[in-house]
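Down below is the structure, laid out as structure tokens.
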Amino acid sequence: MTIFGNKIRAADERKACSTQKKFIRKFGDDRSAEYRLGLVDNEVLTPAFSCRTIVSGAADADFAARLPEKPVIIGNIRMGFGHYRISMAMASAAKSMGCTPLWFDLNSFPETTATKIISYQNAMYSTASRLSQKSRLFNRLVWEPLNSEGFRKLSYNAGDQKSTELMTPLFAAIPKDTPFIATHVWPAQAAVHAGMTHVVNAVPDNWPMALHLSEGALHTVQTRSSYWGYRTLHGFDGEQVLSPMPAADIVYTGHYIDHELVSNIGRDCALRVKRAEEGSPMRFLLTIGGAGAQGDFFASIIESLLPAVRQGRACIYVNCGDYANVWNLLQKKIPVLRGGGEGVSVKTHFDDWDEECAFAQRAAGGSDPSAGSGIHAFCNKGIFGAVYITNLLMRAADVLVTKPSELAFYPVPKLFIRRIGGHEMWGAVHSAELGDGTLECSSPEYAASVARLLLDDPSLIRTMCGCIVDADKGGVYSGAYRAVELALSGRER
């Protein structure tokens with residue numbers, strides 16, 4: 001077994017094969033099964049991007065006949081929110097380019113071996129993410145090393161390659177030359193194993209790891225430093241110098257960002273600068289990720305901002321994702337959130353997607369003064385609304401408060417809180433060097449001090465917005481468009 005010409009050690013190959021056999025014993029092997037695929041509308045994705053969702057259970061096997069004109073399949077899994085967020089950016093870009101995006105989540109077919117494997121590993125990942133925020137010892141000894149160095153090894157990729165051979169049955173009905181963008185490596189690997197010819201592997205983050213390799217696909221990366229890390233496979237086998245990835249297999253594209261955000265960068269940044277210079281309430285958007293971790297950290301930040309909210313100097317949007325328990329935790333820690341009072345207006349926007357979209361539109365357009373004051377909480381039982389409301393609110397926000405995950409690449413001023421996993425730190429480093437975000441704040445006290453600094457010095461928002469506008473002129477935020485172009489052209493690019 002080789003990966004880009006680098007031979008995998010016999011012991012590592014045996015371990016990879018053993019893992020595949022373990023999954024077969026645990027979840028079965030459905031590679032001889034036939035899955036008849038169909039297309040359905042989605043409450044969030046269809047109105048936003050004309051995107052349809054691929055499902056199983058169609059009456060006949062002719063999926064090709066159901067494909068729309070100029071389809072682009074977005075292959076993904078739910079593991080946290082980041083991979084879904086990249087998928088939405090790709091769907092948005094595809095729509096803007098006259099294509100019809102098709103959502104293909106390998107973790108949404110409960111009858112398949114693929115979903116059983118992904119769900120099993122996702123559950124472990126989410127549990128470990130939450131534990132890492134509660135136990136400094138676990139974080140230091142296990143989680144940080146695994147996310148920064150463990151996933152970096154070629155041996156880890158070898159195991160994934162064997163596991164994703166079990167995920168191919170769902171691809172049998174799809175025409176092999178259909179443009180396919182994978183926003184997680186497992187759909188990319190499965191697509192290649194299944195013989196797909198136009199596969200783009202949209203690599204996330206800013207820390208090169210063998211975890212994200214899918215030989216046979218075209219790899220896209222968001223930063224120049226990632227390009228060099230992947231091109232040379234730097235550190236993927238300790239100090240061993242490896243054969244490089246061929247130039248034809250990797251492209252620097254820039255950040256994967258939604259068309260709606262990119263096309264409004266100038267306008268939205270101008271409004272942020274205007275609010276800062278006029279002394280309007282500064283809008284902080286706090287977004288809690290798909291693992292549901294860091295609730296305590298966010299509670300501390302909200303509490304530190306309450307005096308500014310009372311004074312009319314700050315407004316808080318908090319997206320709890322699909323974790324109602326996080327909102328319950330915040331209310332328990334901050335009694336004022338239970339019903340307002342004490343000079344603070346608290347409004348909840350829960351599970352009413354039309355109302356949430358209307359609110360975000362009013363907030364971005366400045367037509368509703370109440371949308372820029374007090375505290376507004378959002379929570380959606382559905383994963384699509386839970387992820388996408390952050391994107392809608394981003395246009396209206398002055399500061400995005402987030403861990404340095406995939407949101408580190410978005411064109412909005414950012415205040416970074418403590419990371420979850422060592423790989424995320426490099427997103428904050430990239431953003432700070434680009435000028436559109438702060439350094440990573442390792443403690444709530446430090447994050448609170450940075451928030452106060454932003455409130456007291458409007459020139460900081462003006463500088464960040466200037467950096468965003470300049471980066472946009474250089475194509476930094478155009479990665480999603482480029483990924484779609486590459487998928488459409490395929491290996492003949």
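The values are calculated or read from the model by the stated rules, or taken from the named source; none is laboratory data. All figures in this text were calculated on a predicted structure; none of them were measured in a lab. Here the Cβ is made from the backbone with ideal geometry for all residues, glycine too, and neighbour counts use every protein chain on show. Note: accessible area is taken over every heavy atom of the protein model, side chains too, but ligands, DNA and RNA are not part of it. Shrake-Rupley method; radii C 1.70, N 1.55, O 1.52, S 1.80 Å.
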| query | Ranked from highest to lowest mean number of other Cβ atoms within 10 Å per residue, what is the order of the peptides 92-104, 430-442, 46-58, 240-252? | reply | 92-104, 430-442, 46-58, 240-252
| Among the Cys residues of the chain, which have no other cysteine Cβ under 4.7 angstrom away? | C17, C51, C99, C315, C357, C441, C467
| query | Among the listed pairs K176/K381; K22/K162; K134/K403, which are separated by more than 23 Å between their Cα atoms? | reply | K176/K381
| Among bridges DSSP assigns within the chain, what percent are antiparallel (round to 5)? | 15 percent
| note | Only helices counted: for the chain, with every DSSP H run of 4 or more residues adding -39500 (n - 2.57) and the sum spread over all residues, [θ] at 222 nm is -13500 deg cm²/dmol
| said: How large is the accessible surface of K274 in square angstrom, using a 1.4 angstrom probe and rounding to the nearest 10? | reply: 110 Å²
| Under a plain spin-label model, where a point goes 7 Å from the Cα along Cα-to-Cβ, how far apart in nm are K21 and S243? | 2.8 nm
| field | Charge dipole (debye, nearest 20) of the chain; +1 at Cβ of Lys and Arg, -1 at Cβ of Asp and Glu | value | 920 debye
| request: Have a look at L233, L455, A188 and report the one farthest towards the positive end of the charge dipole of the chain, computed about the Cα centre with Cβ charges (Lys/Arg +1, Asp/Glu -1). | output: L233
| task | Using packing as a proxy for protection, rank 105-112, 84-91 so that the peptide with the highest average count of other Cβ atoms within 10 Å comes first. | result | 84-91, 105-112
| Residue-span extension gain [A172 to E34] - 0.36 nm each, minus C-alpha spacing | 48.9 nm
| message | Once ligands and nucleic acids are excluded and a 1.4 Å probe is used, how much of H259 is accessible, expressed in Å² to the nearest 10? | response | 60 Å²
| task | Order the following by accessible area, largest value first: K414, K332. Probe radius 1.4 Å; ligands, DNA and RNA are ignored. | result | K332, K414
